Amino acid sequence: MSSLNRMYEMFALHSNSAREVNEPSIALSAGVNWMDSNKFIINLLKEELDSGLTHKSYGRSSGFKFITDIISHLESDICGKAFKPSVIMTNGTANASFLICSFLKKNNRFKRGDNSLMINHGFPFYSGLSESFGLKYSECLLPKASLIKNQRYLTPISQVVDKIREIKPRLIYLILPNNPFGEQYSKEDLSTLQECVLKEDSFLIVDRVCMMPWDDFSKNSNVFFSGIERGNVFVVDSFSKAESVSGLRVGFLLTNKINEEGFTDLIRIKYLNPRSFGTITLAISRVLSYLNYSIEDTEGAKYTRMKNLVNKIVEIDYPILNKQALVPLFEHENIKLYLEETEKRKQTVMSNYDYLLNKFKKESLIPISLEAGLSSAVILDQMKADSELNDVNKLASQFNVGVLSESCFRSTPNNDENYFIRIGLSIPTQMFTKGIDILYRFYKNK
């Protein structure tokens, strides 16, 4: 069974167990969609529809130019670069990655039978993506003994580079921050990786979907600008997932101007326009999150910077845009609400993380991390690989606790002694602490 099918099988197991006891499952591996949406975002989306801001955002295959310009300017500003990447709107990051593979295949950048490589454990979608395009999929993983010795889940970048040189993959995947571990490479490591990618003339997809609005992605994003400009690196991201409105499926990819036309042709032939909701609200929410969490200012100074930036954006000449309807949406009270709601969501994650640390810090064989994103992992001596599926089934059927374990995040068999569990930090704190207590007792009694 593929790792993606395994994940969906576990989702079904959790749902069935919840039905049997007639109460919601404690989803300890839940993603961001379990968090309450930002009230500012919901209010603004309503205003956006009522005022007609998005009624005419149609007719451009790469997405509404007002939105793509906002993101292009923002990414360039974050990285302090003159180069402005081309932005293509997509139906989430999965669709963005599929478009990238379609583009590369159409332009003969890879052929059936070529290698692809996932760096570390990762979201199982990518193994299926590679296989659907006829690529051989492999993973750059270390044995658990090495991870325990390193006291870190991520494979050292020197060994990643060695693997790339050995198998010569045409396509490489990097999830930043890592899902499920919550770890990320340093700026220096990412620079080393990109140098190797460019030297080998491979293609790298950097998936930033797990970055949250309070994460400072400016620390690492500028590393990839030279690769994006060269056309060997693509960054995929999502507005809607970061703001807990995942069902809207508003994603985007970053590429260079030369590649933009090829992506536009692919979208135009199949869909005419991007299969996503061209929402100005979610684009500008990314601007607000950047200004709030990347700049050390007082609240008043932050508001002034945000207001000035919004005014600057509004001054851009977009004839079809009802700009007068846009300005009132970003009054002080609205921006203040965004900041308060975002901080509230962040505190839920941090409170859950602190509880997880207090409960499992001493027992976990590898330190529990949260360098960015909203998931961590726990690996215990009692988590034996040969009992992984049985343990997961028992947790669901006997205790109504749903978890995603290691087999969901790798395509190769786990021949090590232990397995890990991904811990999502997004569910309400009361439910989270109850689930962690059950998990602790379950393994303590094994």
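Computed from the coordinates by the stated procedures, all read-outs in this text should not be read as laboratory data. Since we're looking at a predicted model, the values are computed, not measured. Cβ placement follows ideal geometry from the backbone for every residue including glycine, while neighbour counts extend to all protein chains displayed.
Observations on the structure shown:
- Placed amide H near Leu204: partners under 5 Å, 5+ positions off or other chain: Ile172, Val233, Phe234
- Each Lys and Arg adds +1 at its Cβ and each Asp and Glu adds -1 at its Cβ; summed about the Cα centre, segment 120-226 shows a dipole of about 220 debye.
- Antiparallel bridge percentage (DSSP; both residues within segment 54-283; nearest 5): 35
- Ranked by the mean number of other Cβ atoms within 10 Å of their residues, highest first, the peptides 259-269, 106-116 fall in the order 259-269, 106-116.
- Cut-off under 5 Å, modelled amide H: who pairs with Leu404 long-range: Ser29, Arg422
- Cβ crowding within 10 Å averaged over residues, with 200-206, 284-290, 232-238 ranked highest first: 232-238, 284-290, 200-206
- Peptides 382-390, 125-133 ranked from most to least packed, by the mean per-residue count of other Cβ atoms within 10 Å: 125-133, 382-390.
- Other-chain or far-sequence residues with amide H under 5 Å of Glu139's (modelled H): Met118
- Length released on extending from Arg268 to Asn334, taking residue separation times 0.36 nm less the Cα-Cα span: 20.1 nm
- In this simple spin-label model, placing a label point 7 Å from the Cα along the Cα-to-Cβ direction at both Asp381 and Lys199 gives a separation of 4.2 nm.
- About its Cα centre, segment 54-283 has a charge dipole of approximately 640 debye under the convention of +1 per Lys or Arg Cβ and -1 per Asp or Glu Cβ, with nothing else charged.
- Backbone phi angles across segment 235-252, fed through the Karplus curve with coefficients 6.51, -1.76 and 1.60 (θ = phi - 60°), yield HN-Hα couplings of 10, 10, 7, 9, 6, 5, 5, 4, 9, 6, 10, 4, x, 6, 6, 9, x, 7 Hz in residue order; Gly and Pro are listed as x.
- Here the Karplus curve 6.51 cos²θ - 1.76 cosθ + 1.60, taken at θ = phi - 60°, turns the phi angles of segment 353-368 into couplings of 5, 4, 5, 4, 4, 4, 7, 10, 4, 6, 7, 5, 6, 10, x, 7 Hz, with x standing for Gly and Pro.
- Where labels lie 7 Å past Cα in the beta-carbon direction, separation of Leu49 and Ala145 in nm: 5.8
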